[in-house]
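Following: one structure in C-alpha coordinates, then a few remarks.
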Amino acid sequence: RSMDLIGQFGTGFISTHVLASRITVNGILKSEEVEDLYSSFQFDLDRSGFTDKQQLKKAISSSSRQLSDNTKEVQLVQGEFDTAFTYHIEETLPGISRGQAVQPGLEYVFDVLPYTLAFMPKVKKVTILNHDTSYVSYRKRCFLQDRESDDFIVRIDTENSVDESTSVIERRFVVKNQGDASAIVCVKGDRIQPFPDNVTKLFCGLPMIGTEDFAFPVVVNSAKFVPKTERNGIRLSPNSEANRNIVVDAVVAYGSLVQDLITRGVGGFQHISSWPSFTGEYHERQWFKE
(Lines give C-alpha, C1' and ligand atoms only; values in the text may rest on other atoms or scores of the structure.)
Protein backbone atom coordinates (compact mmCIF):
# COMPACT_ATOMS: atom_id res chain seq x y z
CA ARG A 1 0.00 0.00 0.00
CA SER A 2 1.36 3.40 -0.94
CA MET A 3 2.21 5.89 1.78
CA ASP A 4 0.65 9.31 2.18
CA LEU A 5 3.34 11.89 1.59
CA ILE A 6 3.04 15.09 3.58
CA GLY A 7 5.63 17.81 4.00
CA GLN A 8 8.47 19.36 2.07
CA PHE A 9 11.95 17.80 2.14
CA GLY A 10 11.77 17.14 5.90
CA THR A 11 11.96 20.83 6.81
CA GLY A 12 9.32 20.48 9.52
CA PHE A 13 11.14 17.60 11.16
CA ILE A 14 14.53 19.33 10.91
CA SER A 15 13.06 22.32 12.75
CA THR A 16 12.38 20.07 15.76
CA HIS A 17 16.14 19.96 16.36
CA VAL A 18 15.53 23.18 18.28
CA LEU A 19 14.54 20.76 21.07
CA ALA A 20 17.70 18.69 20.88
CA SER A 21 20.73 18.35 18.64
CA ARG A 22 20.47 14.53 18.76
CA ILE A 23 17.33 12.50 18.09
CA THR A 24 17.13 8.70 18.27
CA VAL A 25 14.70 7.11 15.81
CA ASN A 26 13.19 3.64 16.38
CA GLY A 27 10.71 1.96 14.11
CA ILE A 28 9.81 -0.99 11.90
CA LEU A 29 10.40 -1.52 8.19
CA LYS A 30 8.38 -3.79 5.90
CA SER A 31 10.36 -5.72 3.33
CA GLU A 32 9.64 -4.89 -0.31
CA GLU A 33 10.90 -8.28 -1.49
CA VAL A 34 9.62 -10.74 1.13
CA GLU A 35 5.97 -10.79 2.16
CA ASP A 36 5.25 -10.42 5.89
CA LEU A 37 8.91 -9.78 6.70
CA TYR A 38 9.48 -6.93 9.14
CA SER A 39 12.64 -5.54 10.71
CA SER A 40 13.18 -3.15 13.59
CA PHE A 41 15.71 -0.36 13.25
CA GLN A 42 17.41 2.34 15.30
CA PHE A 43 19.71 5.24 14.48
CA ASP A 44 20.66 8.71 15.69
CA LEU A 45 20.14 11.96 13.82
CA ASP A 46 22.87 14.25 15.09
CA ARG A 47 22.98 17.91 13.99
CA SER A 48 25.21 19.18 16.80
CA GLY A 49 27.73 20.22 14.15
CA PHE A 50 25.23 21.71 11.73
CA THR A 51 27.46 24.74 11.13
CA ASP A 52 30.33 22.45 10.02
CA LYS A 53 29.61 20.84 6.65
CA GLN A 54 32.22 18.11 7.05
CA GLN A 55 31.04 17.23 10.54
CA LEU A 56 27.45 17.09 9.30
CA LYS A 57 28.50 14.71 6.50
CA LYS A 58 30.19 12.44 9.08
CA ALA A 59 27.03 12.47 11.19
CA ILE A 60 24.91 11.43 8.19
CA SER A 61 27.33 8.59 7.40
CA SER A 62 27.18 7.51 11.03
CA SER A 63 23.37 7.43 10.90
CA SER A 64 23.53 5.24 7.80
CA ARG A 65 25.92 2.79 9.49
CA GLN A 66 23.71 2.63 12.58
CA LEU A 67 20.71 1.83 10.43
CA SER A 68 22.57 -1.07 8.80
CA ASP A 69 23.99 -2.36 12.09
CA ASN A 70 20.79 -2.11 14.14
CA THR A 71 18.28 -3.72 11.79
CA LYS A 72 16.84 -6.96 13.19
CA GLU A 73 14.03 -9.20 11.98
CA VAL A 74 10.96 -8.97 14.24
CA GLN A 75 7.44 -10.35 14.45
CA LEU A 76 4.96 -7.54 13.83
CA VAL A 77 2.02 -7.55 16.25
CA GLN A 78 -0.93 -5.57 14.96
CA GLY A 79 -1.89 -2.76 17.31
CA GLU A 80 1.50 -2.67 19.03
CA PHE A 81 3.50 -0.96 16.28
CA ASP A 82 5.28 2.17 17.41
CA THR A 83 7.58 4.66 15.80
CA ALA A 84 9.53 6.55 18.45
CA PHE A 85 11.50 9.79 18.16
CA THR A 86 13.54 10.29 21.33
CA TYR A 87 14.83 13.84 21.83
CA HIS A 88 17.91 14.05 24.05
CA ILE A 89 17.01 17.47 25.36
CA GLU A 90 20.18 17.79 27.45
CA GLU A 91 22.11 17.96 24.16
CA THR A 92 21.26 21.28 22.54
CA LEU A 93 22.21 23.23 19.45
CA PRO A 94 24.67 26.11 19.93
CA GLY A 95 22.97 29.19 21.34
CA ILE A 96 19.98 27.31 22.78
CA SER A 97 19.83 26.58 26.50
CA ARG A 98 18.67 23.20 27.75
CA GLY A 99 14.90 22.84 27.72
CA GLN A 100 14.38 26.33 26.34
CA ALA A 101 11.97 25.17 23.63
CA VAL A 102 10.31 22.31 25.51
CA GLN A 103 7.57 24.09 27.48
CA PRO A 104 6.40 26.49 24.71
CA GLY A 105 6.62 23.62 22.23
CA LEU A 106 4.38 21.38 24.31
CA GLU A 107 1.95 24.24 24.91
CA TYR A 108 1.66 24.59 21.15
CA VAL A 109 1.12 20.83 20.82
CA PHE A 110 -1.72 21.07 23.35
CA ASP A 111 -3.50 23.60 21.11
CA VAL A 112 -2.72 22.28 17.65
CA LEU A 113 -2.69 18.48 18.06
CA PRO A 114 -6.50 18.03 18.41
CA TYR A 115 -6.98 19.73 15.03
CA THR A 116 -4.22 17.60 13.51
CA LEU A 117 -5.86 14.40 14.78
CA ALA A 118 -9.12 15.50 13.17
CA PHE A 119 -7.42 15.61 9.78
CA MET A 120 -5.19 12.53 10.17
CA PRO A 121 -7.49 9.62 11.08
CA LYS A 122 -4.65 7.08 10.84
CA VAL A 123 -3.13 8.56 14.01
CA LYS A 124 -5.25 7.08 16.77
CA LYS A 125 -3.38 8.29 19.83
CA VAL A 126 -0.44 10.48 20.80
CA THR A 127 1.28 10.07 24.18
CA ILE A 128 3.81 12.47 25.68
CA LEU A 129 5.98 10.93 28.41
CA ASN A 130 8.00 13.06 30.81
CA HIS A 131 11.07 11.08 31.84
CA ASP A 132 11.78 12.84 35.14
CA THR A 133 12.51 16.26 33.71
CA SER A 134 11.65 19.58 35.33
CA TYR A 135 10.46 21.21 32.12
CA VAL A 136 6.81 20.18 32.47
CA SER A 137 4.68 19.41 35.52
CA TYR A 138 3.01 16.20 34.35
CA ARG A 139 4.28 12.63 34.04
CA LYS A 140 2.21 11.63 31.02
CA ARG A 141 -0.25 13.27 28.66
CA CYS A 142 -2.31 11.24 26.20
CA PHE A 143 -4.37 12.58 23.27
CA LEU A 144 -6.99 10.04 22.14
CA GLN A 145 -9.40 10.62 19.25
CA ASP A 146 -13.04 9.48 19.17
CA ARG A 147 -14.96 9.38 15.88
CA GLU A 148 -17.94 7.36 17.05
CA SER A 149 -20.21 10.37 17.62
CA ASP A 150 -21.47 12.86 15.05
CA ASP A 151 -18.80 15.30 16.23
CA PHE A 152 -15.07 14.73 16.46
CA ILE A 153 -13.83 14.42 20.05
CA VAL A 154 -10.31 14.44 21.47
CA ARG A 155 -9.87 13.28 25.06
CA ILE A 156 -6.76 14.60 26.79
CA ASP A 157 -5.68 12.60 29.86
CA THR A 158 -2.96 14.18 31.99
CA GLU A 159 -1.23 12.23 34.77
CA ASN A 160 0.16 14.48 37.50
CA SER A 161 3.79 13.95 38.50
CA VAL A 162 3.25 14.61 42.21
CA ASP A 163 0.22 12.58 43.30
CA GLU A 164 -0.30 10.44 40.15
CA SER A 165 -3.87 11.74 39.83
CA THR A 166 -5.30 11.99 36.31
CA SER A 167 -7.26 14.92 34.93
CA VAL A 168 -9.41 14.54 31.82
CA ILE A 169 -10.31 17.23 29.29
CA GLU A 170 -12.57 16.66 26.29
CA ARG A 171 -12.44 18.85 23.22
CA ARG A 172 -15.39 18.58 20.87
CA PHE A 173 -15.23 19.73 17.27
CA VAL A 174 -17.89 20.22 14.62
CA VAL A 175 -16.51 19.35 11.18
CA LYS A 176 -18.10 19.92 7.78
CA ASN A 177 -16.72 18.59 4.51
CA GLN A 178 -17.27 19.93 1.02
CA GLY A 179 -15.36 18.63 -1.99
CA ASP A 180 -11.67 18.69 -1.08
CA ALA A 181 -12.05 20.99 1.93
CA SER A 182 -12.97 20.56 5.59
CA ALA A 183 -14.01 23.35 7.95
CA ILE A 184 -13.81 22.83 11.70
CA VAL A 185 -14.69 24.67 14.90
CA CYS A 186 -14.36 23.79 18.59
CA VAL A 187 -17.47 23.87 20.80
CA LYS A 188 -17.86 23.48 24.54
CA GLY A 189 -21.35 22.92 25.88
CA ASP A 190 -23.50 25.46 24.08
CA ARG A 191 -20.68 27.86 23.19
CA ILE A 192 -18.36 28.18 20.22
CA GLN A 193 -14.81 28.42 21.51
CA PRO A 194 -12.35 31.16 20.49
CA PHE A 195 -9.58 30.01 18.20
CA PRO A 196 -6.07 29.87 19.73
CA ASP A 197 -4.00 32.82 18.48
CA ASN A 198 -0.90 30.76 17.74
CA VAL A 199 -2.54 27.95 15.73
CA THR A 200 -2.48 27.87 11.94
CA LYS A 201 -5.66 28.50 9.95
CA LEU A 202 -4.68 26.16 7.12
CA PHE A 203 -3.82 22.49 7.38
CA CYS A 204 -2.55 20.11 4.75
CA GLY A 205 -3.06 17.16 7.08
CA LEU A 206 -0.39 18.81 9.23
CA PRO A 207 -0.49 22.48 10.29
CA MET A 208 0.83 24.89 7.67
CA ILE A 209 3.04 27.08 9.86
CA GLY A 210 2.76 30.71 8.77
CA THR A 211 -1.00 30.74 8.12
CA GLU A 212 -2.05 31.84 11.60
CA ASP A 213 -3.51 35.06 10.12
CA PHE A 214 -4.98 33.57 6.95
CA ALA A 215 -8.14 35.42 5.91
CA PHE A 216 -10.73 32.83 6.95
CA PRO A 217 -12.97 32.72 10.02
CA VAL A 218 -12.37 29.01 10.84
CA VAL A 219 -9.72 26.35 10.32
CA VAL A 220 -9.59 24.80 6.84
CA ASN A 221 -7.95 21.52 5.90
CA SER A 222 -7.27 19.96 2.53
CA ALA A 223 -4.89 17.21 1.55
CA LYS A 224 -4.85 18.74 -1.93
CA PHE A 225 -3.61 22.21 -0.99
CA VAL A 226 -0.59 23.23 -3.07
CA PRO A 227 1.58 25.13 -0.57
CA LYS A 228 4.24 27.67 -1.39
CA THR A 229 7.76 26.31 -1.58
CA GLU A 230 8.35 27.66 1.95
CA ARG A 231 5.26 25.75 3.16
CA ASN A 232 4.05 28.91 4.92
CA GLY A 233 0.92 29.60 2.87
CA ILE A 234 -0.84 29.13 -0.45
CA ARG A 235 -1.09 31.08 -3.70
CA LEU A 236 -4.46 32.13 -5.08
CA SER A 237 -3.24 33.49 -8.40
CA PRO A 238 -4.97 32.66 -11.71
CA ASN A 239 -2.43 29.83 -12.06
CA SER A 240 -3.42 28.38 -8.67
CA GLU A 241 -6.64 26.75 -9.82
CA ALA A 242 -6.41 23.85 -7.36
CA ASN A 243 -6.11 26.17 -4.36
CA ARG A 244 -8.89 28.42 -5.63
CA ASN A 245 -11.22 25.44 -5.99
CA ILE A 246 -10.40 24.32 -2.45
CA VAL A 247 -11.12 27.79 -1.03
CA VAL A 248 -14.48 27.84 -2.84
CA ASP A 249 -15.25 24.42 -1.29
CA ALA A 250 -14.15 25.81 2.09
CA VAL A 251 -16.62 28.71 1.82
CA VAL A 252 -19.45 26.23 1.19
CA ALA A 253 -18.28 24.05 4.10
CA TYR A 254 -18.17 27.14 6.33
CA GLY A 255 -21.75 27.99 5.39
CA SER A 256 -22.84 24.45 6.23
CA LEU A 257 -20.97 24.67 9.53
CA VAL A 258 -22.69 27.94 10.47
CA GLN A 259 -26.12 26.50 9.62
CA ASP A 260 -25.46 23.43 11.77
CA LEU A 261 -24.39 25.59 14.71
CA ILE A 262 -27.49 27.77 14.34
CA THR A 263 -29.66 24.64 14.42
CA ARG A 264 -27.94 23.52 17.61
CA GLY A 265 -28.75 26.87 19.23
CA VAL A 266 -25.19 27.54 20.37
CA GLY A 267 -23.73 30.95 21.14
CA GLY A 268 -20.39 32.59 20.55
CA PHE A 269 -20.71 33.26 16.82
CA GLN A 270 -18.45 36.28 17.21
CA HIS A 271 -15.56 33.81 17.33
CA ILE A 272 -16.20 32.59 13.77
CA SER A 273 -17.61 35.68 12.04
CA SER A 274 -14.45 37.73 11.43
CA TRP A 275 -13.08 37.76 7.87
CA PRO A 276 -9.64 39.41 7.90
CA SER A 277 -8.36 41.06 4.74
CA PHE A 278 -6.42 38.80 2.39
CA THR A 279 -2.81 39.99 2.15
CA GLY A 280 -1.71 38.49 -1.15
CA GLU A 281 -1.01 40.15 -4.48
CA TYR A 282 -3.59 42.41 -6.14
CA HIS A 283 -5.21 39.78 -8.38
CA GLU A 284 -5.32 37.35 -5.44
CA ARG A 285 -7.00 39.94 -3.21
CA GLN A 286 -9.59 40.76 -5.90
CA TRP A 287 -10.45 37.10 -6.49
CA PHE A 288 -10.66 36.39 -2.77
CA LYS A 289 -12.92 39.37 -2.17
CA GLU A 290 -15.27 38.31 -4.96
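The values are calculated or read from the model by the stated rules, or taken from the named source; none is laboratory data. All values derive from a computational prediction rather than experimental measurement. Cβ atoms come from the backbone with ideal geometry, glycine included; neighbour counts cover every protein chain shown. Surface areas here come from the heavy atoms of the whole protein model, side chains and all, with no ligands, DNA or RNA. Shrake-Rupley method; radii C 1.70, N 1.55, O 1.52, S 1.80 Å.
Phi angles across the range 285-290 convert, under the Karplus curve 6.51 cos²θ - 1.76 cosθ + 1.60 with θ = phi - 60°, into 3J(HN,Hα) values of 4, 5, 5, 5, 4, 5 Hz, Gly and Pro given as x.
On the principal axes of its alpha-carbon atoms, the range 122-187 has extents of 47, 19, 17 Å, going from largest to smallest.
The phi torsions of the range 116-121, fed into the Karplus equation with coefficients 6.51, -1.76 and 1.60 and a -60° offset, translate into couplings of 4, 4, 4, 9, 10, x Hz, rounded to whole numbers, with Gly and Pro shown as x. When you filter the chymotrypsin sites (Phe, Trp or Tyr not before Pro) in the range 52-138 for DSSP loop state and at most 11 other Cβ atoms inside 10 Å of their Cβ, you are left with Phe81. Per atom type, the chain shows carbon and sulfur on 50% of its accessible surface, probed at 1.4 Å. Relative contact order for the range 166-290: 28 percent, from Cα pairs under 8 Å spaced at least 6 residues apart, divided by residue count.
Entry note, the chain: relative contact order of 12 percent, from Cα contacts under 8 Å with a spacing of 6+ residues.
Going by Cα centres, the range 104-156 and the range 178-228 are how many Å apart? With the range 104-156 and the range 178-228 each reduced to a Cα centre, they are spaced 17 Å. Per residue, the chain reaches -8000 deg cm²/dmol at 222 nm when only DSSP H runs of four or more residues are counted, each adding -39500 (n - 2.57). For the chain, DSSP calls about 95 percent of its internal beta bridges antiparallel. Note on the chain: along the principal axes its Cα atoms extend 58, 51, 47 Å, ordered by decreasing extent. For the chain, leaving out every one of the trypsin sites (Lys or Arg not before Pro) that falls in a DSSP loop and has at most 11 other Cβ atoms within 10 Å, the longest unbroken run is 123-290. Karplus-derived 3J(HN,Hα) values for the range 46-53, using 6.51 cos²θ - 1.76 cosθ + 1.60 with θ = phi - 60°, are 10, 10, 4, x, 5, 8, 10, 4 Hz; glycine and proline are entered as x. Taking every alpha-carbon pair under 8 Å whose residues sit at least 6 apart, the range 44-108 reaches a relative contact order of 26 percent.
Mean-square fluctuations from a GNM of the chain, with a 10 angstrom spring cutoff on Cα atoms, peak among Gln270, Gln145, Gln75 at Gln75.
Rolling a 1.4 Å probe over the protein heavy atoms gives the chain an accessible area of 61 Å² per residue.
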